[in-house]
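Bear in mind these aren't lab numbers, they're just calculated from the coordinates by the rules spelled out. Bear in mind the structure is a predicted one, so any value in this text is a computation, not a measurement. Ideal geometry is used to build each Cβ from the backbone, glycine not excepted, and the neighbour counts take in all protein chains shown.
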Amino acid sequence: MSEIYNLTLIIARRDSADDTPRYQTYEIQAGPIMRFVDLLRTINDEQDPTLTWNSSCEHGQCGTCSMKINARPMLACELLVENAIAMFGTSTFTLEPLEIAPVVRDLVIDSDAAYERVNSVKPYIIEPLPPGSEAEEHQINPDQLEYYVDATRCINCFCCSSACISSHRTFLGPNAMLATIVRVLDPREQEKEERYRKIYSDQGVYRCHTSKACSHVCPKEIDVARFIALAKKGFLPE
Ligand code: SF4
Ligand code: SF4
Ligand code: FES
């Protein structure tokens, strides 16, 4: 029979964006492969239906369950109890919302506000190249493919932005930079100049301090800092 752990969850509670957080403690028993979203759901079912948090896919693909767990931005749907205990060396966990946007309630942040910075870089093809006359496809150089595949795995969970030491007021953030850098790499995108203007604007890559915190916390293991470093050096493999 698998081990049962006695966990203490200390959760930041707020009724609105203007509230000062109050930290509420929940004691809960859990098996080793329960995920943190399962713990929160169990609290809702058995102790406190008012505790508010967010999730959607619960499969590491949408980014809506991101939160700070013992100060580290993470996906609550991917973190197993046994892994959390091994990672932090404790069975006590403090759960807080990401600080990249106003809190709506408890662990839920205003995702529209968070997405404003990503949307500002136009995370889509601005001016698509027309289909070629001989082949209806655009091929990417194999040297660039590695970068392209890596960058397009981003799920906009904002864990990197939360961990970034550069000010959220002055820097668009690592995932917004990645969203526009990936379109520089995209052979279908013709509008590179507008992208370069964003990348090298006063809210762009030169705000980065090369701490690599973004790469360290990314749940998709994207080396975000590498993309930003390449852009800072003026080298993007177009
Ligand atoms: S780069 Fe990684 S941490 Fe940042 S938003 Fe994308 S998936 Fe999340
Ligand atoms: S490497 Fe740059 S973008 Fe990444 S966390 Fe550090 S300062 Fe932020
Ligand atoms: S709920 Fe979708 S990534 Fe966690």
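State the number of residues belonging to region 44-79 that are out of contact with any strand residue (DSSP E or B) (no Cβ under 8 Å at 6 or more places or on another chain) and within 16 Å of ligand 2 (Cβ to nearest atom).
Going through region 44-79 one residue at a time, the tally reaches 1.
Look through region 216-238, keep the residues that are without any contact (Cβ under 8 Å) to a residue 40 or more places away in the chain and under 16 Å from Ala163 (Cα atoms), and return whichever of them is surrounded by the most Cβ atoms within 10 Å (Cβ to Cβ).
Going through the qualifying residues, I end up with Arg226.
Among the residues in region 204-212, are any under 25 Å from His59 (Cβ atoms), small (Gly, Ala, Ser) and within 16 Å of ligand 1 (Cβ to nearest atom)? Write out each step before concluding.
Taking region 204-212 as the starting set, the residues that turn out to be under 25 Å from His59 (Cβ atoms) are none.
Checked region 204-212: no residue is under 25 Å from His59 (Cβ atoms), small (Gly, Ala, Ser) and within 16 Å of ligand 1 (Cβ to nearest atom).
Which members of region 79-119 meet the condition of being among the polar types (S, T, N, Q) and either buried (at least 20 other Cβ atoms within 10 Å of the Cβ) or without any contact (Cβ under 8 Å) to a residue 60 or more places away in the chain (or both)? Explain how you work it out, then say what you get.
Of all residues in region 79-119, those among the polar types (S, T, N, Q) come to 83, 90-92, 94, 111, 119.
Within region 79-119, Asn83, Thr90, Ser111, Asn119 meet the criteria.
In region 161-232, which helices (runs of 4 or more DSSP H) lie fully inside it and hold 2 or more residues that are of a type in the set (Lys, Arg)? Before the answer, list the steps.
Details: elements: 174-185, 192-199, 213-217, 224-232.
The helices (runs of 4 or more DSSP H) meeting that bar are 192-199, 224-232.
Might you let me know whether region 134-144 holds any residue that is more than 16 Å from ligand 1 (Cβ to nearest atom) and of a type in the set (Val, Ile, Thr)? Write out each step before concluding.
So the first thing to find is which residues in region 134-144 are more than 16 Å from ligand 1 (Cβ to nearest atom), and the list is 134-144.
Then drop every residue that is not of a type in the set (Val, Ile, Thr), which leaves 140.
Yes, the conditions are met somewhere in region 134-144.
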